[in-house]
Amino acid sequence: MKLRPALAAGLLGAWMLAVLGPAPAAARPRRIDVFRGTDALARAIDRARAGDVLRIHRGRYREVLEIDKPVTLKAVGPGRVIVDGRCQTGIVIDVVSSGVTLKGFTVQGATGGFGSSPIEVNFSGVSDGRVRRMVFRDTCDAEYGINVFGTGTMMVRQSVAHGFSDAGIYIGGISQGPVTAVDNDAYGSVQGIIVEDSIPGAVALLGNRVNGNTKGIFVHNSDGELIQGNLVSGSAEYGIHLDATSDGNSILGNPISSSGVFDVFDEGAGNCWNGTTFGTASPNPPPTC
């Protein structure tokens, strides 16, 4: 006797359920509350699953972290959260997994002498990530606040970076992207924001406040990037500097003022400065695209 296809499928399903048992339910993301303690954050990351949210409560966490799974670390409740490398590490938070979000806390304490450039937060070679309302502060002799290198889609938003011997925000080696830095404050560093060695259209700097650095925004060996609506002031040398290997970039609607040498230093070719206001320049850049 032939069984109808629907009945056969039903019988097969019943047999599989009886023999194999029910299929495991997909694990739901969990919320993990983290309080101060020895290696509290590292232990929470170890026991977390992909997609979990680590809710970090106030206090200073004297730790060095490697984040190797797609999780969210976010500050919650009243009071500040500080992750502090205590001048005993080259990188305080090293993100080696895609899908990581950092939100709402301070990172400090990177220093030289540990085999790499000292960085507070490092995203390198990951396909995506998000950073929001973070503070990167140099309390030792770190070179970079946040380093975004060779990534895919990244968003750095509403964060503060200050006091670094190279750059508060570094974006480099972007061959996919897009990488967007929007509504950040970068001040008191040698360079507020660097964009370097990236393909056309991979990087956008939007609405950042870049104040009191030696150079405000520096673009090296990068073509066709978007720099729009950034307020750049009080640079000791240049407000925005595009070097001779940076061509065809769009610098739109950026007020630049009070630079020590030139507000604008454009060594490239075909860069468009439409709507950007400045006092001094070398040479005088084309105002329209």
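Throughout, read-outs are computed from the coordinates displayed, never taken from laboratory work. Since we're looking at a predicted model, the values are computed, not measured. Methodologically, a virtual Cβ is constructed for each residue, glycine included, from the backbone with ideal geometry; neighbour enumeration extends over all protein chains shown.
The dipole here belongs to the stretch 25-100: it is taken about the Cα centre, uses +1 on the Cβ of Lys and Arg and -1 on the Cβ of Asp and Glu, and is about 400 debye.
Counting neighbouring beta carbons within 10 Å and listing from fewest to most, the residues LEU73, LEU252, LEU65 come out as LEU252, LEU65, LEU73.
Placing +1 on the Cβ of every Lys and Arg and -1 on the Cβ of every Asp and Glu, with no other charges, gives the chain a dipole of roughly 2200 debye about its Cα centre. Listed values for the stretch 271-280 are Karplus-derived 3J(HN,Hα) couplings in whole Hz (6.51 cos²θ - 1.76 cosθ + 1.60, θ = phi - 60°), namely 7, 9, 10, 4, x, 7, 10, 7, x, 10, and x replaces Gly and Pro.
The distance between label points at ASP68 and ARG209 comes to 4.0 nm (points 7 Å beyond Cα on the Cα→Cβ vector). By the beta-carbon count within 10 Å of each Cβ, the least crowded to most crowded order of SER258, SER250, fewest first, is SER258, SER250.
Using the Stokes-Einstein relation with a Kirkwood hydrodynamic radius computed over Cα pairs, the translational diffusion coefficient of the stretch 58-159 at 25 °C and a viscosity of 0.890 mPa s comes to 184 µm²/s.
Over the stretch 60-282, Cα pairs under 8 Å with separation of 6+ residues give a relative contact order of 11 percent. Ordering LYS103, LYS215, LYS69 by the number of other Cβ atoms within 10 Å of each residue's own Cβ, fewest first, gives LYS69, LYS103, LYS215.
For the chain, what is the mean residue ellipticity at 222 nm derived from helices alone (per DSSP H run of n ≥ 4: -39500 (n - 2.57); sum divided by total residues; nearest 500 deg cm²/dmol)?
Result for the chain, helices only: -2500 deg cm²/dmol.
Determine Rg/Rh for the chain; Rg is computed over alpha-carbon atoms and Rh is the Kirkwood hydrodynamic estimate from the same atoms. Across the chain, the Cα-based Rg/Rh ratio is 1.15.
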